[in-house]
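K.L.:
Next up is a structure, given as C-alpha cells.
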Amino acid sequence: MIYLDYAATTPVDDRVLQVMLPYFQETFGNPSSVHRYGQKAEAAVDTAREVVAEALSCLPHEVIFTSCGSEADNLALRGSAMAIREQTGARRLISCRTEHNAVSRTVEHLVRYHDFEAVWLEPDAEGVIQPEVLEKAITPDTALVSLMYANNEIGSIHPIRALADIAHKHGALFHSDAVQGAAYLSVDVQKLGVDMLSLSGHKFYGPKGVGALYVRHGTPLIQTQTGGGHEFGWRAGTHNVSGIVGFAEALRLTVAEREARAAHLAPLRDKIIGHVLENIPESRLSGPLASRLPNHASFVFHGVDGNLLLTLLDSAGFACSSGSACKTGNPEPSAVLTSLGLSREWALGSLRVTLGMGNTPEQVESFAQALPGLVEQARKLSRN
Ligand SMILES: *Cc1c(COP(=O)(O)O)cnc(C)c1O
C-alpha cells in the first residue's frame, strides 16, 4: 500500500515520538500542580513554548497550545470577533468559501447565533484571493479577516503579507489558518504580518490532537472554552504535555528541514502533474501550477465519480483523497471546487495526491503508470 494522502494526516516522525515518550509515564504530572511532578511537566511545556516561539519568530507568551487546528481556528475567530465587537461595535467578518470548515463553519455560526455579518470573497479561477478583491470588500466596520495560508484541497498559496496589510490599513484584524502551509512555507509571523496564525501537529509529522494559535501581543481576544485559566487564561483544559512536547519538536524539525523536504517532493509532484495532464483525457489541474505547495497535486476529471476512483485506487494499493478528508462519502461537490467556477460534472471527479517524507520516486512512478487506466475504468463505471 502506498500512502499519498499527507494533507489528511502524517505519521509521527520517529524523532518526535522519542521525545514524547517520557511524558506518558515518567513525567506524567499536571503542569498546574504545585509539587515537583507538576513543576517538571510545566517546565516541559515552557520549553516547548520557547521552541515554538523561536520557529514563529514571536514571544513565548504569544503561543497558545490548543487541542487541534480546528480549536485554534475556533478560538481565533470566536474569541477575537466577540472581543472586537465589545470594544468598537464592528461586526463584519470577511473570509472565503475555499477555507477549511473549521473557519467557514465558525464564521457561519457567528452569523447565525451571534449576529455577525459575513462577506465571502470570490477567489480567482485558481483559488487565490487577489489583494484588490479584499480591498474592495473591506469596510470600517470589519472586525476580522480570515484567509488561509495554503489550501488543503487545491494546494494554492495566498499572498498573506499583502492581504494582512490591507486588513490593517482598514483597522481590521487578520487571522490565517496555516495548518497546511506550515509544513512547507515560512511561518515567520513578523514577515507574514498576521495577528493570529493556526497550526496543527499532525500535518507536519507531529501527533494528532494538539495544535497552537499564535496571538500577537495586545490582540483583543476572549476565552471561548471556559473553565480553568490555562494558557494565560485563553483556554481551559489540562495540558496535553506529551502532545505539546511532540508538537514543538515536529515544528522545529520542519523549520530546519523544510527546504530539503520541498526539494525532494516538488519534482515528484511535477512528475505526477505532467503525467496526468498528458495522459488522461478531460483532466484538469485544480488550483495554480506555480503558487502551489511542493507536495500537492490535485485534479478534476470530467464525468468521473471521485469516490469510486478512490475505491479503485485503494484496491490497486494507493491511498489518495478527493479533497478534504472529512468530505469523503459526501455526494455533493466540494464547495472549494465549485467556488473556482467548476461545474458539478467536473467538481465531482476530484482527486488529491499529497506526498510526504515516506514517498520515493519508484512509488510515484508506479502511481503515474496505474492512474490513467483507473480513471478510464471509473469513467466507464460512472456512466452506467
Ligand atoms: C487539517 C486542517 C485543519 C484542522 O486541523 P485539526 O488539527 O485536524 O483539527 C484546519 N485547517 C486546515 C487547512 C487543515 O488542513
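K.L.:
With label points built 7 Å along Cα→Cβ from the Cα atoms of Gln39 and Thr338, find their separation and express it in nm.
P.N.:
It works out to 5.9 nm between the two label points.
K.L.:
Further question on the same structure: So if R0 is 35 Å, what FRET efficiency would Ala370 and Arg15 give, r being the distance between their Cβ atoms, rounded to the nearest 0.05? Please report the intermediate quantities before stating the final value.
P.N.:
Details: r = 32 Å, r/R0 = 0.93.
Once rounded, the FRET efficiency stands at 0.60.
K.L.:
Something else: Over 28 Å between Cα atoms, which of Lys271/Lys380; Lys169/Lys191; Lys136/Lys191; Lys136/Lys203; Lys203/Lys271 qualify?
P.N.:
Listed pairs above 28 Å: Lys136/Lys203.
K.L.:
Note down the magnitude of the dipole of the stretch 54-114 about its Cα centre, charges +1 on Lys and Arg C-beta and -1 on Asp and Glu C-beta and zero elsewhere, to the nearest 20 debye. Walk me through the numbers before you get to the answer.
P.N.:
On the way: 7 positive and 7 negative charges, 90 e Å.
Dipole size: approximately 440 debye.
K.L.:
Please turn the phi angles of the stretch 122-130 into ³J(HN,Hα) values with the Karplus equation 6.51 cos²θ - 1.76 cosθ + 1.60 (θ = phi - 60°), one per residue in order, whole Hz, x for glycine and proline.
P.N.:
8, x, 6, 5, 9, x, 10, 8, 7
K.L.:
Where the accessible area of the chain is counted over protein heavy atoms with a 1.4 Å probe, how much of it, in %, is carbon and sulfur?
P.N.:
On the way: 8380 of 15700 Å².
The value for the chain is 53 percent carbon and sulfur by accessible area.
K.L.:
Tell me the angle of helix 361-383 to the major Cα principal axis of the chain, expressed in degrees between 0 and 90 and rounded to the nearest ten.
P.N.:
Rounded to the nearest ten degrees, it is 70.
K.L.:
Excluding residues on the same chain fewer than 8 positions from Lys40, give the aspartates and glutamates whose Cα lies under 12 Å from its Cα.
P.N.:
Glu26
K.L.:
Normalised by the residues of the chain, what does the relative contact order come to in percent, with Cα pairs under 8 Å and at least six apart? Could you put the intermediate results ahead of the total?
P.N.:
Values: 771 pairs, mean separation 84.6, N = 384.
Answer for the chain is 22 percent.
K.L.:
Nearest 5 percent is fine: what portion of the DSSP beta bridges confined to the stretch 176-269 is antiparallel?
P.N.:
Numbers: 6 of 8 bridges.
DSSP beta bridges in the stretch 176-269 are roughly 75 percent antiparallel.
K.L.:
In deg cm²/dmol and to the nearest 500, what is the mean residue ellipticity at 222 nm of the chain if only DSSP H runs of at least 4 residues count, each as -39500 (n - 2.57), divided by the residue total? Walk me through the numbers before you get to the answer.
P.N.:
Numbers: 14 runs with 163 residues, N = 384.
Taking each H run of at least 4 residues, the total per residue is -13000 deg cm²/dmol.
K.L.:
Hey, rough spin-label estimate for Leu289 and Glu50, points 7 angstrom out along Cα→Cβ, what's it come to in nanometres?
P.N.:
Roughly 4.8 nm, to one decimal.
K.L.:
Of the beta bridges DSSP finds with both residues in the stretch 158-228, what % are antiparallel, to the nearest 5? Write down the numbers at each step before the final one.
P.N.:
Working: 5 of 8 bridges.
So the antiparallel bridges in the stretch 158-228 amount to around 60 percent.
K.L.:
Can you find, among Thr88, Phe174, Ala72, the residue farthest towards the positive end of the dipole of the stretch 64-184? Put +1 on the C-beta of Lys and Arg, -1 on that of Asp and Glu.
P.N.:
Comparing the listed Cα positions along the dipole, Thr88 ranks first.
K.L.:
By DSSP, what percent of the beta bridges with both residues in the chain are antiparallel, rounded to the nearest 5?
P.N.:
55 percent
K.L.:
Can you tell me the dipole magnitude for the chain around its Cα centre, using point charges on the Cβ only (Lys, Arg +1; Asp, Glu -1), in Debye to the nearest 20? If you can, show how the numbers build up before the last one.
P.N.:
Details: 32 positive and 41 negative charges, 63 e Å.
Its charge dipole is roughly 300 debye.
K.L.:
Using the charge dipole of the chain (Lys, Arg: +1 at Cβ; Asp, Glu: -1 at Cβ; taken about the Cα centre), state which of Ala162, Ala143, Met1 has its Cα farthest towards the positive end.
P.N.:
Ala143
K.L.:
For Asp314 and Ala260, compute 0.36 nm times the residue count separating them, minus their Cα-Cα distance, and round to one decimal in nm. Working shown, then result.
P.N.:
Numbers: separation 54, 0.36 × 54 = 19.44 nm, distance 2.93 nm.
Gain in length upon complete extension: 16.5 nm.
K.L.:
Hull surface divided by four, with the convex hull built on the Cα atoms of the chain: how many nm²? Mind dumping the intermediate values first?
P.N.:
Numbers: hull surface 75.1 nm².
Computing the convex hull of the Cα atoms and averaging its projections yields 18.8 nm².
K.L.:
Percent of Cα-Cα pairs per 10 Å bin, from 0 to the last occupied bin, for the stretch 52-172, please list those.
P.N.:
Final binned percentages: 13, 42, 38, 7.
The values are calculated or read from the model by the stated rules, or taken from the named source; none is laboratory data. All values reported here derive from a predicted model rather than from experimental measurement. No Cβ is skipped: glycine too gets one built from the backbone with ideal geometry, and neighbour counts run over all protein chains shown. Note: areas computed on protein heavy atoms with side chains; ligands, DNA, RNA excluded. Shrake-Rupley method; radii C 1.70, N 1.55, O 1.52, S 1.80 Å.
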